[in-house]
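Only the coordinates and a few stated rules stand behind these numbers; no lab work does. For clarity, every value in this text was computed on a predicted model and none was experimentally measured. Here the Cβ positions follow ideal geometry from the backbone for every residue, glycine too, while neighbour counts run over all protein chains shown.
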Amino acid sequence: MFLAPPEFAGEEAEARSAEVVSFWLPVGKNEGRIVLHFAGVDSISEAELLAGREVIVPQEERLPLEDDSTYISELVGCTVYDGAAAVGVIADVQFATTSDGSRRLAEAAPLLAVTSPEGDEILIPFAKAFLVRVDTEAKRVEMTLPEGLVEVNRTPDGARG
């Protein structure tokens, strides 16, 4: 696997190669996260130098997912359709966390951060109740969204308030 800065779009050779020696799932305030021990990183101070890096697993080495699961990297770039109408392109997938941001809320549906043709950000729950079909090869996510959801969850020009 490789370690790269956030939003990395370069080649694997430009990222830092990393080997996982071990891993564990913490409990308490870090529950829901994974801790990776990389070869050659043997102290907290060395690990802190890697803070904020993204872990990149080459596609050919990814584990197969359950039938109803999709890798985030496969969703990014897909166009979301509400029926026949194109809503926009998935720019990111966001996960709800506790108020202090320390733990992901597993029971909450992830949010698709969709960029509309006008440049607005629209947050759409990636909920099975709305999902019709995901075709990552065709870069298409078909949904049936509740009336008004797109307008309510639209942030003009991607602005945050």
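Brief remarks on what is shown
- Residue-averaged 222 nm ellipticity for the chain, from DSSP H runs of 4+ at -39500 (n - 2.57), nearest 500: -1500 deg cm²/dmol
- Peptides 2-13, 125-136 ordered by packing proxy, namely the average of other Cβ atoms within 10 Å per residue, highest first: 125-136, 2-13.
- Whole-number percent relative contact order across the stretch 72-158, with pairs defined as alpha carbons under 8 Å at least 6 apart: 29
- Shown here are the Rg and Dmax of the Cα trace of the stretch 2-61, at 12.5, 37 Å.
- Dimensionless Rg/Rh of the chain - Kirkwood Rh, Rg from C-alpha atoms: 1.00
- For the stretch 51-131, the alpha-carbon radius of gyration amounts to 1.22 times the rule-of-thumb value 2.2 N^0.38 Å expected for a compact globular protein.
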